[in-house]
Amino acid sequence: MDVKTGLFYLFAAVLLFAAFRVITSRNPVYAALYLVLAFFQASAIWLLLRAEFLAISLVLVYVGAVMVLFLFVVMMLDINVDALRQGFWKHFPLAAGVGALIALEMAAVLMGGFRLAEPRRPMATGPETSNTMELGKLLYTNYLYPLEIAAVILLVAIVAAIALTLRTRKDSKYVNPSDQVRVKARDRVRIVQMPVTRAAQPVADEVPATGETKA
């Protein structure tokens with residue numbers, strides 16, 4: 001076994017351990033950190049496969065942006081995990097069935113990819129070949145329709161997120177920025193003319209019934 005094979009088994013073992021801890025960790029922050037570790041191991045495996053662009057994209061996009069945002073949201077919201085676990089065993093059969101279906105679909109796709117077949121478009125090889133350029137050509141020729149479908153799904157998700165954000169909440173006060181810009185001084189301050197007041201006249205001290213002077 002050479003060094004490359006040993007590194008592959010090492011990265012794969014750490015990747016499996018991190019992925020297992022993602023779904024078994026009780027703390028969502030720890031689960032997110034284990035997911036970051038899994039992303040790093042996957043990028044290292046892609047480096048071994050000479051897919052530098054995919055490895056760097058995984059680190060920059062998922063580790064540098066998505067997971068940092070996820071950690072920020074989780075730590076800011078302070079989610080009550082105990083309340084989320086109350087219906088775990090109630091929905092476990094449905095979740096297990098969906099997971100088994102996804103596993104079977106992935107196995108069917110992977111087994112079909114392992115078959116020896118001639119590629120529809122041969123990949124160029126050589127020291128002067130850029131794998132990023134070849135990946136772009138492959139995406140926009142053989143996988144153009146799946147790429148467009150994925151782009152439409154992401155667009156729908158963005159529109160849905162914006163629509164959920166713009167909902168009017170009943171527990172918060174909303175101020176229209178355009179009304180603040182168009183406001184004028186006379187709308188804010190009103191001067192009222194009032195009659196001039198006179199100073200109060202001093203009142204003589206009342207004498208109590210006992211005849212003593214009030215102090």
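Taken over segment 5-32, the criterion of being closer than 26 Å to V73 by Cα and either in contact (Cβ under 8 Å) with a residue 24 or more places away in the chain or not in a helix (DSSP H, G or I) (or both) is satisfied by L15, S25, R26, N27, P28, V29, A32. Applying the set (1) of a type in the set (G, A, S); (2) more than 22 Å from the chain's Cα centre (by Cα); (3) exposed (fewer than 15 other Cβ atoms within 10 Å of the Cβ) to A51 leaves exactly one unmet item: (3). Criterion first (surrounded by 11 or more Cβ atoms within 10 Å (Cβ to Cβ), modelled with pLDDT of 75 or more, farther than 22 Å from V29 by Cβ and not assigned by TED's automatic domain parsing to the domain that holds N27) does M111 satisfy it? For M111, the condition - surrounded by 11 or more Cβ atoms within 10 Å (Cβ to Cβ), modelled with pLDDT of 75 or more, farther than 22 Å from V29 by Cβ and not assigned by TED's automatic domain parsing to the domain that holds N27 - is not met. Of the residues making up segment 94-108, those that are modelled with pLDDT under 90 and either over 17 Å from I23 (Cβ atoms) or in contact with a helix residue (DSSP H, G or I) (Cβ under 7 Å, 6 or more places away or on another chain) (or both) number 3.
Condition check ((1) of a type in the set (G, A, S); (2) modelled with pLDDT under 75; (3) in contact with a His (Cβ under 8 Å, 6 or more places away or on another chain)) across all residues:
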site	(1), (2), (3)
S178	yes, no, no
R182	no, no, no
D187	no, yes, no
V192	no, no, no
P195	no, no, no
V203	no, yes, no
E206	no, yes, no
E212	no, yes, no
A215	yes, yes, no
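Among the residues making up segment 8-28, those that are out of contact with any helix residue (DSSP H, G or I) (no Cβ under 6 Å at 6 or more places or on another chain), hydrophobic (A, V, I, L, M, F, W, C) and modelled with pLDDT of 90 or more are L10, A12, A13, L16, F17, F20. Consider E118 carefully, then state whether it is at pLDDT 80 or above, over 28 Å from N27 (Cβ atoms) and exposed (fewer than 13 other Cβ atoms within 10 Å of the Cβ). So E118 does not fit the description; no.
The values are calculated or read from the model by the stated rules, or taken from the named source; none is laboratory data. Here the structure is a predicted model, which means the values were calculated and not measured. Cβ sites come from the backbone with ideal geometry, for glycine too, and all protein chains shown count toward neighbours.
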